[in-house]
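K.L.:
Encoded as structure tokens, here's the structure I'll be asking about.
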Amino acid sequence: MKVVAIITLILGSSHAFSIDRREALGFAATGVFSAYVVPPVETANAIRLPGQGPPPLFKVCELLETANDIGKIGIPKFKPNSIGSPEKHIPIIELDGQTVSMSANHVMTPEHYIQYMWLKDAKTNEVVLAKELAPSENAPLLKARVPSGVTLRPYLFCNLHQLWKGDEFTVA
């Protein structure tokens, strides 16, 4: 199905071009809805404006949490902690002073791997640290120094078992 009128209407432009629903989501993810229209360039991963890279990693993580299917607004596409075994997907947090290490007991193969790991501030609900992982990595690991007193919530995204959310923790 092609979406023409909606995109033209949202962009407020006289330029019309056809895109399918998947491409429309790519436009939303890359922030294409702006005051001007430049014909999109297709890449292997997403629809992008010429000269623009992929959407910022923080935005990708936010979109994984809020994604929904067309016509199912408010119904999350990736319900946290619902597919797969918890012992392999729940984020594991280790604290050493202000150093936070986030990991998971998960395999890392091209067929099945942890794709993204991120930490959100529990008070503001903003992504504060994110990492994209490759299947070639030995183990899923995100490590950082964090200020004392910050309360965070860990998340990860498995390419097969989708979104996983851990318990909040506070850095001493």
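K.L.:
Here is a list of conditions, (1) modelled with pLDDT under 95; (2) within 18 Å of residue 59 (Cα to Cα), and residue 156 meets all of them except one; can you say which number that is?
P.N.:
(1)
K.L.:
Moving to a separate point now. Looking at the structure I just gave you, is residue 82 exposed (fewer than 14 other Cβ atoms within 10 Å of the Cβ) and closer than 20 Å to residue 57 by Cβ?
P.N.:
Answer is no for this residue.
K.L.:
Further, regarding this structure: Contact list please: Cβ distance under 6 Å, first residue in the stretch 148-161 and assigned by TED's automatic domain parsing to the domain that holds residue 109, second residue at pLDDT 95 or above and hydroxyl-bearing (Ser, Thr, Tyr), pairs at least six apart or on different chains.
P.N.:
Every condition considered, the pairs that remain are 151/170; 157/116; 159/113.
K.L.:
Scanning the stretch 119-141 for residues that are part of a strand (DSSP E or B) and more than 15 Å from the chain's Cα centre (by Cα), which turns out nearest to residue 61 (Cα to Cα)?
P.N.:
121
K.L.:
Collect the residues in the stretch 54-108 that are in contact with an Asp or Glu (Cβ under 6 Å, 6 or more places away or on another chain) and either hydroxyl-bearing (Ser, Thr, Tyr) or within 12 Å of residue 157 (Cα to Cα) (or both), keeping them in residue-number order.
P.N.:
101
K.L.:
Testing residue 115 on (1) within 19 Å of residue 169 (Cβ to Cβ); (2) modelled with pLDDT of 95 or more; (3) crowded, with 17+ Cβ neighbours inside 10 Å, one condition comes back false. Which one is that?
P.N.:
(1)
The values are calculated or read from the model by the stated rules, or taken from the named source; none is laboratory data. This structure is a prediction, so every number in the text was calculated from the model and none was measured. Here Cβ is always computed from backbone atoms with ideal geometry, including for glycine, and neighbour counts include all displayed protein chains.
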